[in-house]
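These notes are about the structure you will find just below.
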Amino acid sequence: MTFVTSSRKPSPEVRRLAKEIAFALDLPYVQRGKAGLRTMDAEDPVIIFLSGAKRGGQIFDLTVSGKIVFSMLITNVLMSERTVPFRHGFVIRERELYDALSPHLPVMFDAGAPGPIVFYGTQKMQYILQVMV
């Protein structure tokens, strides 16, 4: 089973983004507490881990069987009211991002998407992630 988690003591922004990503991907959000990622990895082979970065932004790591298979820095998060019907998963504009994430997560490629990664969260919100891979 795949799940989303964050650092042990995440900032409110990291925690909120992690919960919104979990909702959008239809995955559970798990609070780690004192559990290390290796402990959690033994039970669940695919983990999405969000943490804060000193450079400003959040780090998104996709771990499969204990190895980071994809990592990106989320440099900006744009939020707006969603005007289209809700759907689960990420809508991805960049082919390289799509190729890296599609084996592990529910994603859809759309060259006309308004940003590199778009997803729909709670409260009729749309999120656009500006990222550096």
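The values are calculated or read from the model by the stated rules, or taken from the named source; none is laboratory data. Keep in mind that what you see is a predicted model, and the values were worked out from it rather than measured. Methodologically, a virtual Cβ is constructed for each residue, glycine included, from the backbone with ideal geometry; neighbour enumeration extends over all protein chains shown.
Observations on the model:
- Selection count where residues are surrounded by fewer than 16 Cβ atoms within 10 Å (Cβ to Cβ) and more than 18 Å from Met1 (Cα to Cα), scope the stretch 50-69: 4
- Residue tally, condition touching a residue at least 40 places away in the same chain (Cβ under 8 Å), surrounded by 15 or more Cβ atoms within 10 Å (Cβ to Cβ) and closer than 22 Å to Met132 by Cβ, over the stretch 76-93: 3
- Cβ-Cβ under 7 Å pairs, at least 6 apart or on other chains, the stretch 104-133 side acidic (Asp, Glu), far side not in a loop (DSSP other than H, G, I, E, B): Asp110/Val91
- Residue in the stretch 87-106 that is at pLDDT 95 or above, among the aromatic types (Phe, Trp, Tyr), closer than 23 Å to Met1 by Cβ and assigned to a strand (DSSP E or B) present: yes
- Verdict on Met79 being modelled with pLDDT of 95 or more, farther than 17 Å from Glu20 by Cα, assigned to a strand (DSSP E or B) and among the aliphatic types (A, V, I, L, M): no
- Among the residues making up the stretch 110-133, those that are buried (at least 16 other Cβ atoms within 10 Å of the Cβ) and not aliphatic (A, V, I, L, M) are Gly115, Pro116, Phe119, Tyr120, Gly121, Gln126, Tyr127.
- Condition met for Phe109 (over 15 Å from the mean Cα position of the chain (by Cα) and among the aromatic types (Phe, Trp, Tyr)): yes
- Residue match in the stretch 55-66 (condition: among the acidic types (Asp, Glu), closer than 17 Å to Val118 by Cβ and at pLDDT 85 or above): no
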